[in-house]
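Data first, discussion second: the structure below is written as structure tokens.
The values are calculated or read from the model by the stated rules, or taken from the named source; none is laboratory data. Owing to the predicted nature of the structure, the values given are computational and were not obtained by experimental measurement. Every residue, glycine among them, receives a Cβ derived from its backbone with ideal geometry; neighbour counts consider all protein chains shown. Heads up: the accessible areas ignore ligands, DNA and RNA and are worked out on the full protein's heavy atoms, side chains in. Shrake-Rupley method; radii C 1.70, N 1.55, O 1.52, S 1.80 Å.
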Amino acid sequence: MSETVAATEPEPAAHATSGATIQLEDLTKIYPGTPSPAVDNVSMDIKAGETVIFVGPSGCGKSTTLKMINRLIEPSSGRIRIGDEDVTDIDPVKLRRKIGYAIQSSGLFPHMTVAENIALVPKMVGWSKSKVKDRVEEMLDLVGLDPREFHGRYPRALSGGQQQRVGVARALAADPPVLLMDEPFGAVDPITRDHLQDELIRLQHELHKTIVFVTHDFDEAIKLGDRIAVLREHSHIAQFDTPEAILTNPTDDFVSGFVGAGAALKRLNLTRVRDVEIAEFPTVTVDDPLQSIFNKLRSGPHNELLMLDRRNRPYKWLRRGDLMRARGSLARAGQLVHDTVTRDATLHDALEAVLTDSGGRVAVTGRRGEFIGVVDMQTLMNSVHELLEADRLTAIEHQHDLEELRTHQTVQELEGGAGA
């Protein structure tokens, strides 16, 4: 079969494929023997290169709607267009090879190595061995896994977060314009989940795919989405808008229920660490002599230093008192760095990390975990105050507009009465 496909599906050009538009037209799914449709006449236009999040209560049909896009579930009626192509009637197997798909718990084949899992679809569509080999290494590097370390491993030897990264790499391996993600981070711990979300944001900045992402977590939707579709029962669209618009102007009580309390604080999920000042911080390495570290700490303006490991990653916070107790060895001195954030993390993530650290700051790291700088509590509080002030001004403007509208209506009524 692969030989036949290879004759009709060429390898991609040197430049990566960007996203494609998706149009859902009156999409409906009715299961036999059920009194009402699982999905009822959903119509939606998704722009090329944007991330759209489906969020809604359990059983509302969000996963069913997602799976109809790649026809893992066949629609009962309606049309699906991807780019300029109506895909409703084409071979569904061929369609799925053009659409990336990532699910909860990664869905990796346990009997295949990491490299074999990632290479699966490129091989199916007939890429050459050399192209597949290069692509596997490129994908591992893209999701932050060292190809030399992970190439020959099996899924059982990976952590949950590593498995999810490989799952995303596999979904992107054949360079599809569309990536569908069905609660892909729902089965990992909260810290790993935050890092995977940051990784997806970084990848999207580089790749510009069209991503449709299902979640039940509204905070995750705010963090990841360019637009959010809040779905009622049967996938009826309650509101389809930007995170900012949904937070500041929910259409009804149903949407307000998803927003919940603290909308201003939730807006911290809309601002990234890269949007605020990342400050420098004095560092030393694990290989520096103890006396050199002591001299730097004694002569500097800070009462602590950040020790980096041999790969330039944050390792320990060292305070002056730690060095006094070190007695020739730093093995037990200092406090291990537990939390870091990337430049693509949200200010909400950064604030949580800062609040759990007695030093009032968090280290910011790059793609390989290398140290970049720190964000402190004062910077984050300034951002919170700016968001609250912006909300206050928006509320004043909204109230002013309402008063003008009422005044205009009153004048019209008076003029109408006078004319009578």
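The loop-placed GluC sites (Glu not before Pro) in segment 231-321, going by DSSP, that have at most 16 neighbouring Cβ atoms within 10 Å of their Cβ come out as E277, E280. For segment 297-381, the relative contact order is 23 percent, taking Cα pairs closer than 8 Å that sit 6 or more residues apart in sequence and dividing their mean separation by the residue count. Within the listed set N269, N70, N41, the Gaussian network model of the chain (springs between alpha-carbon atoms below 10 Å) gives the highest mean-square fluctuation for N41.
Considering only alpha-carbon pairs that sit under 8 angstrom and 6 or more positions apart, the relative contact order computed for the chain is 15 percent.
Please compare each pair in K62/K123; K29/K266; K123/K223; K123/K209; K94/K223 to a cut-off of 24 Å on the Cα-Cα distance and tell me which ones are over it.
Going by Cα-Cα distance, K62/K123; K29/K266; K123/K223; K94/K223 fall outside the 24 Å limit.
Within the set (1) 30, 27, 23; (2) 36, 30, 19; (3) 42, 36, 16, the number that semi-axes √(5λ) of the Cα gyration tensor in Å takes when calculated for this structure is listed as (3). Rolling a 1.4 Å probe over the protein heavy atoms gives the chain an accessible area of 50 Å² per residue.
Loop-located trypsin sites (Lys or Arg not before Pro) across segment 112-219 with a Cβ neighbour count of 16 or fewer within 10 Å are R153, with loop assigned by DSSP. The portion of the accessible surface of the chain made up by carbon and sulfur, rounded to a whole percent, is 51 (1.4 Å probe; DNA, RNA and ligands excluded). How many angstrom separate the Cα center of segment 162-219 from the Cα center of segment 36-70? Comparing the Cα centres of segment 162-219 and segment 36-70, I get a distance of 17 Å. Taking 0.36 nm per residue of separation and subtracting the current Cα-Cα distance, fully stretching the chain between H208 and K129 would add 25.8 nm.
Which FRET efficiency, nearest 0.05, do Q23 and L290 yield, Cβ-Cβ r, R0 51 Å?
Approximately 0.20, to the nearest 0.05.
When the residues L414, L158 are ordered by accessible surface, computed with a 1.4 Å probe over the protein chains alone, the sequence from largest down reads L414, L158.
Largest accessible area first, the residues D287, D322, D217 order themselves as D287, D217, D322 under a 1.4 Å probe with ligands, DNA and RNA left out.
Here the label points at Q335 and T242, each 7 Å from Cα along the C-beta direction, are separated by 3.8 nm in the simple model.
Label-to-label distance for Q409 and N303 is 6.0 nm, based on points extended 7 Å past Cα in the beta-carbon direction.
Among the trypsin sites (Lys or Arg not before Pro) in segment 210-314, those placed in a DSSP loop whose Cβ has at most 14 other Cβ atoms within 10 Å are R310, R311.
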